[in-house]
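Take a look at the structure set out below.
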Amino acid sequence: MRLQTRKILDRTFAGTGVLAIVLMSAALLILLTPIFIRGAGALFFTGTVEHRRLMLEKFDRGNRKQVEAEIRSAQAAREPIYRTIAVFDQQLAHGDAKERAKYKKPLKELKKALQDLLGPAPGSVRPMLMRDQYGQTRWDRAQIKLARVLYREEWDYSNPTKSGVLLLKSRAADFAGTPIQELFSYMEKNLDQLLLPRRTLYWQFLTDESFDSHFFGGIWPELLGTIYLTLGAMLLAIPMGLIAAIYLTEYARESRLLNLLRTCISTLAGVPSIVFGLFGLAFFINTLKVSNSKSVLAGSMTLALMILPTVIRASEEALRSVPRTYKEAALSLGAGRWHTIWNVILPSALPGILTGIVISMGRAAGETAPIIFTAAVSVGKPLALWQTLSQPTPALSWNIYNLATEHEAVDEVRHVQYGLVLVLVSLVLLLNLAAIILRARIAKRMRA
């Protein structure tokens, strides 16, 4: 090959590599930017007086005098709304049946929309569900709920060739000529006084339990459950993976059987994670009976089995990368085989081993399928350490899927979904960053 042709090929390969890195970085930026922006909305948002009232009543947080003063101010702004509706109710009660029939349904829908926005009317029976005891705690949701107070949705199916068209009808038109008609413009102009929005930092999102199916509270049970599952998996996978890697590189003789074993390990690394989940259910729970049903222990064992091939292969490659002269020098000085492995080979291979272990931790933390059948539940309390042997747990990855697909009010908890994703992505990124830093520090120490 001519020198000029070789230079062109080298430049082509280098340019292709740089382009691939740029494209991958751009793709990650496009993917992660909305996650970080919207996920941060779970901690930094514009909270209403209803949020501060919730924090005071349920968590005893905040300046009591200040919050109670804000509640009184908001109630004073809301009082004309409730008074007008009460007067209108009395007029209907003493009016003719035709008028009652005309306004019965629109008035009921209006009261329901107002309750969703501002919470129960003063003097009404306190609802059972926590989500119905308060108005909108977040300003962005309050604006959406206000639109539902001002407008009602109707579907137009008049054109048989097209699907239904959504139409927004003004509720004010339903009450034309009545005192209630003026309330809609009043609420639209005075929403700030009705809810008193204020910038809020809710860092307890990471440490609070969830309430009422994640309508309120935080994600501490999910975060703690993920930590339990990840650490449990690593405690099981690391010793077995290291022992297997040491055996394969230092003790086993090359043979067809050994090559077959390595092929099986590589194949297991590519098995879909859902298969490990089904195996964990059938073997660890139904056969070995490690727990009566789902448990952190069963989930950790399943995750350990899933990441074990990765730990073995990474450790084996790290051990093989140690210069053979290290081993020969130690043996020539009279050191035994195990002493050489423990004091010479393992420390030299430690950067590569740690990298494989931390990357495996990131995978274990982010997996969903293996824990669906063995460990995860949608809602639960934080577990004490001894409860992990027999109890299931919420987990970040499973609850992201559950809230995004199976929650009864997906839009109401959208900020929780993004908050869970942000925490999980941050956890995986931190683990990978830890691997890079550990590898660099250990390599630097060894060179010194």
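For every residue, the table says whether it meets (1) under 30 Å from MET128 (Cα atoms); (2) assigned by TED's automatic domain parsing to the domain that holds ALA369; (3) in contact (Cβ under 8 Å) with a residue 24 or more places away in the chain; (4) among the acidic types (Asp, Glu).
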residue: LEU168; (1), (2), (3), (4): no, no, no, no
residue: PHE175; (1), (2), (3), (4): no, no, yes, no
residue: THR178; (1), (2), (3), (4): no, no, yes, no
residue: SER185; (1), (2), (3), (4): no, no, no, no
residue: PHE211; (1), (2), (3), (4): yes, no, yes, no
residue: ILE246; (1), (2), (3), (4): no, yes, yes, no
residue: GLU250; (1), (2), (3), (4): no, yes, yes, yes
residue: PRO272; (1), (2), (3), (4): no, yes, yes, no
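Could you grab me the full set of residues in region 78-111 that are in a helix (DSSP H, G or I) and of a type in the set (Gly, Ala, Ser)?
ALA86, ALA93, ALA97, ALA101
Could you check region 179-210 and list, in sequence order, the residues that are surrounded by 16 or more Cβ atoms within 10 Å (Cβ to Cβ), under 34 Å from the mean Cα position of the chain (by Cα) and among the aromatic types (Phe, Trp, Tyr)?
Scanning region 179-210 gives TYR202, PHE205.
Scan region 217-274 residue by residue and report those that are farther than 25 Å from THR340 by Cβ, part of a helix (DSSP H, G or I) and β-branched (Val, Ile, Thr).
THR226, ILE227, THR230, THR263, THR267, ILE274
Considering only region 299-388, give the helices (runs of 4 or more DSSP H) lying wholly within it that have at least 2 residues that are hydrophobic (A, V, I, L, M, F, W, C).
Filter on region 299-388 gives 324-332, 346-366, 369-372.
Does at least one position in region 27-45 carry a residue that is surrounded by 13 or more Cβ atoms within 10 Å (Cβ to Cβ) and under 21 Å from GLY119 (Cα atoms)?
The answer is yes; a qualifying residue exists.
Can you tell me which residue in region 112-158 is nearest to LEU56 (Cα to Cα), limited to those that are outside any strand (DSSP E or B) and among the acidic types (Asp, Glu)?
That would be ASP132.
For region 174-210, which residues satisfy the criterion of being assigned to a loop (DSSP other than H, G, I, E, B), touching a helix residue (DSSP H, G or I) at 6+ places or on another chain (Cβ under 7 Å) and of a type in the set (A, V, I, L, M, F, W, C)?
PHE175, ILE180, LEU196
Check LEU236, LEU257, LEU242 and return the single one that is more than 19 Å from ALA376 (Cβ to Cβ), assigned by TED's automatic domain parsing to the domain that holds ILE345, touching a residue at least 60 places away in the same chain (Cβ under 8 Å) and of a type outside the set (Phe, Trp, Tyr).
LEU242
The values are calculated or read from the model by the stated rules, or taken from the named source; none is laboratory data. Keep in mind that this is a model prediction, so the values were computed, not measured. Every residue, glycine as well, gets a Cβ built from its backbone with ideal geometry; the counts of neighbours run over all protein chains shown.
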